[in-house]
Amino acid sequence: MPTQMMKAVQSHAFGGPEVLVYEDAPKPTAKAGEVLVRVHAVGINPPDWYLRDGYKALPPEWQPKLSFPLILGTDVSGVVEAVGDDVTEFAAGDAVFGMVRFPSMGESRAYAQYVAAPAAHLARKPEGIDHAQAAAAPMSLLTAWQFLVALGHDEANPLQADRHRPVPLDGKRVLVNGAAGGVGHFGVQVAKLKGAHVTAVASTDHEAFLRDLGADDFIDYTKTAPEDVARDLDLVLDTLGGPGTSRFLPVITRGGALFPVFPLGFVDTGEAKTRGVTVSTTQVRSSGAQLAELGPLLNEGRIRVAIDSHFPLAEARTAHERAAQGHIRGKIVLIVT
């Protein structure tokens, strides 16, 4: 039987946005435990361009050894076309969304007209949001939720020796750095939903947007360094992370916590222990069960999805160029026709 084909965005080498090519690729099939999804929209996330570049920021021993061509992407929303023989929770015609096979590198293959996804990584799409909004949610929202509320799994933490443990948020003072971005704008909403007093850190243009999402206070980092004005914080969710995350340690109360989403480059010199601050991170993982739990919040508008911009799937290169410009409000989405 001839191989069926579809359109996909593939790369045949590591590099910049120019390596992304819209072309024919083999259409996947649903194996045992899988669902074949006809994709309507794809959410773009930082791991997409990390993989496109060959994960240069990782230590050499962590860099994946992959074969080309690669299809990037993890976050999809679409309609079930077929299911594996043992799948009973979904049927053809169901609208679904999810983060596929993350953190497996290069195996999710979402920048395409069809994706084969483990049923356990999908949930029914909330009826109150469209496919673009649904595709924009999974990785960023799961990251915020797994950092702040519940891990939802018992996998070993590849980023630190100890299990990451979210902290109680009700009545606490929480600062979200990088608050206008994908993880950040969900972090603001999740912390507020759980009863925290939330300070959002972003650039000038995002103040009204973040206050509308529930931020109690706003710090414009282009005018004032947040560590110079914030005081007595119980938790900092630093969505930017990296070497600069240690600047928040002096403004966190004893017994508080610092959660860097991107921990690479952070060196703990003992200051955190001296100050009685817990520094902890985790690796977001696919979870259809958690997305099903979050679905009603999305459906009711208690958690809202912000879309920075839309691009056709064929223009994934341009979407990555937009991402490289930074100052993204919410998420970038690819629309699949």
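The values are calculated or read from the model by the stated rules, or taken from the named source; none is laboratory data. Nothing here was measured: the structure is a model prediction, and the numbers come from that model. Every residue, glycine among them, receives a Cβ derived from its backbone with ideal geometry; neighbour counts consider all protein chains shown.
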Among the residues of region 213-224, is there at least one that is crowded, with 21+ Cβ neighbours inside 10 Å, more than 21 Å from the chain's Cα centre (by Cα) and β-branched (Val, Ile, Thr)? yes
Got a number for residues in region 270-302 being farther than 30 Å from Gly33 by Cβ, of a type outside the set (Gly, Ala, Ser) and surrounded by fewer than 20 Cβ atoms within 10 Å (Cβ to Cβ)? 7
Select, from Glu61, Glu107, the only residue that is without any contact (Cβ under 8 Å) to a residue 24 or more places away in the chain and within 17 Å of the chain's Cα centre (by Cα). Glu107
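Results for (1) surrounded by fewer than 17 Cβ atoms within 10 Å (Cβ to Cβ); (2) farther than 30 Å from Lys56 by Cα; (3) touching a strand residue (DSSP E or B) at 6+ places or on another chain (Cβ under 6 Å), shown as yes or no for each residue.
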residue	(1), (2), (3)
Lys192	no, yes, yes
Ser203	yes, no, no
Arg211	yes, yes, no
Asp228	yes, yes, no
Val236	no, no, yes
Pro250	yes, yes, no
Gly255	yes, yes, no
Leu258	no, no, yes
Leu264	yes, no, no
Could you grab the pairs with beta carbons closer than 7 Å, sequence gap of 6+ or different chains, first residue in region 34-45 and touching a residue at least 60 places away in the same chain (Cβ under 8 Å), second one among the acidic types (Asp, Glu)? Leu36/Glu81; Val37/Glu81; Arg38/Glu81; Val42/Asp75; Gly43/Asp75; Asn45/Asp75
Could you identify the single residue in Pro126, Pro64, Pro69 that is of a type outside the set (Ser, Thr, Tyr), surrounded by fewer than 18 Cβ atoms within 10 Å (Cβ to Cβ), modelled with pLDDT of 95 or more and farther than 13 Å from Ser286 by Cβ? Pro69
Would you list the helices (runs of 4 or more DSSP H) that sit entirely within region 196-286 and hold 2 or more residues that are in the same structural domain as Pro47 (by TED's automatic domain parsing) and aromatic (Phe, Trp, Tyr)? none
Quick check on this structure: which one of Ile328, Ile332 is buried (at least 17 other Cβ atoms within 10 Å of the Cβ), out of contact with any helix residue (DSSP H, G or I) (no Cβ under 6 Å at 6 or more places or on another chain), at negative phi and touching a residue at least 40 places away in the same chain (Cβ under 8 Å)? Ile328
Here are the criteria: (1) in a helix (DSSP H, G or I); (2) buried (at least 17 other Cβ atoms within 10 Å of the Cβ). Tell me which single one Val305 does not satisfy. (1)
Among the residues listed as Ala323, Ala316, the single one being among the small types (Gly, Ala, Ser), assigned by TED's automatic domain parsing to the domain that holds Asp130, outside any strand (DSSP E or B) and over 16 Å from the mean Cα position of the chain (by Cα): Ala316
Please find, among Leu159, Leu142, the residue that is within 30 Å of Ala13 (Cα to Cα), in a helix (DSSP H, G or I) and among the aliphatic types (A, V, I, L, M). Leu142
What's the number of the condition Glu293 fails, among (1) in the same structural domain as Ala196 (by TED's automatic domain parsing); (2) closer than 18 Å to Met99 by Cβ? (1)
